[in-house]
Amino acid sequence: MTNPQKETIIAFSFALAAAILVKIPTLFGLELDGNDGFYFRNMSLFVLPLLTGYFAYKRQLKTSTILWLSVAFVVAVVFANVYPFTHGNDTEVLLALHLPIALWLMVGIAYAGGEWGQVNGRMDFIRFSGELFIYYVLIALGGIVLTGTMAIIFQTISIDIEPLFEQWVLCGVVGAVIIAAWLVDIKKGVVENLAPMLARLFSPLFAIVLITFLGTLLFTGRGIEIERDVLIAFDMLLVVVICLLLYSISARDSQSPPGIFDYIQVMLVISALLADVIALWAISQRITDLGFTPNRVVALGFNLILLVNLAWSAFLYIRFLRGHASFSLLEKWQTDYLPVYAVWAAIVVIIIPPLFGFA
């Protein structure tokens, strides 16, 4: 039986270690001010190795598993820092955005322990990821209120503590991830249905939005202008749809017969699939007209990955509604597909920058 006090000390020790790790580069002259590129690329490496280590300790992973997880993080450190980026260019931004996606798989393996090879183990990690996000947002909001209150009360005695916040805020950002993970893990039996509950609430709303968008697109006959910011927003919408599907699946009893919410989910998946096809067409047209760029290549690959996921999910869901397949097939498909995102993210991190001359 675990000792709650010991668990608390361990969690806060890992959080403190993450905070200290952020400050170590300053010992070598890499202050946050003036080294934005370094911190931008390495942000996930300040916390995800510690989060993985925390779960490796809790799950008592085998030495061999810990070793190759460590190798993965070492490789990530190398590729995040050896490429000759100019800060702010496209390939650096793509690397910084995709590196945590690739490494999140390492966190999942540690979190699931010996059950990563099972559907239930991967589904537990999906639930954990959603709950972690919710807890982290709540902690961040609390931190904003706390720091804002501190700034106000110290201002009454003519002391500006904003420079202090600027020096230490990054420590709080990374440390809070460990604390949020610890809270999710110890409260798992109490709040593990929070993310699926929100998914059930927002799935119909997102289905309405997508159906309305597709109907308007068809009625007006307008094409999609895929600029960089628009494309990011569009893909984020599709990612949200995938998350809604995942968390709805995670909360559903696979033995239950089809219900009204299943039909809503199918509408959501099919509308997202059609939206993805339209986005792919627009991206392809832009590549044909203007040529390949890092952003367009990454967007094309990501939307193709989403297309496969959504298409097969729609197929399996429809078969389930018609009584030709079990719901567990859809669960297995979604959890089996998780590494695909991590592999694509790794390709973006390792191959895309040199392919485009680090532009």
Test set (1) out of contact with any Pro (no Cβ under 7 Å at 6 or more places or on another chain); (2) at pLDDT 85 or above - S254 fails condition number
(2)
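This table checks each residue for (1) over 28 Å from L201 (Cα atoms); (2) of a type in the set (A, V, I, L, M); (3) at pLDDT 90 or above.
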| residue | (1), (2), (3) |
| --- | --- |
| V266 | no, yes, yes |
| A275 | no, yes, no |
| T288 | yes, no, no |
| F292 | yes, no, yes |
Quick one: in the range 50-102, of everything that is among the polar types (S, T, N, Q) and more than 30 Å from E115 (Cβ to Cβ), which residue is modelled with the lowest pLDDT?
T86
Looking only at the range 41-50, decide whether some residue is aromatic (F, W, Y) and without any contact (Cβ under 8 Å) to a residue 12 or more places away in the chain.
no
Filter result (surrounded by 21 or more Cβ atoms within 10 Å (Cβ to Cβ), under 14 Å from the mean Cα position of the chain (by Cα) and among the small types (G, A, S)) within the range 79-124:
A102, G108
Yes or no: the range 224-243 includes at least one residue that is within 17 Å of T212 (Cβ to Cβ) and outside any helix (DSSP H, G or I).
yes
So is L146 surrounded by 17 or more Cβ atoms within 10 Å (Cβ to Cβ), in the same structural domain as V22 (by TED's automatic domain parsing) and not hydroxyl-bearing (S, T, Y) or not?
no
Residues to consider are G121, G113, G117, G108; find the one that is touching an Asp or Glu at 6+ places or on another chain (Cβ under 6 Å) and closer than 30 Å to W333 by Cβ.
G121
G172 passes all but one of (1) within 20 Å of the chain's Cα centre (by Cα); (2) modelled with pLDDT under 75; which number fails?
(2)
Could you say whether any residue in the range 285-295 is part of a helix (DSSP H, G or I), on the phi < 0 side of the Ramachandran plot, β-branched (V, I, T) and in contact with a Lys or Arg (Cβ under 6 Å, 6 or more places away or on another chain)?
yes
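The values are calculated or read from the model by the stated rules, or taken from the named source; none is laboratory data. Because the structure is a prediction, the values reported are computed rather than measured. Positions of Cβ are backbone-derived with ideal geometry, glycine not excepted, and every protein chain shown enters the neighbour counts.
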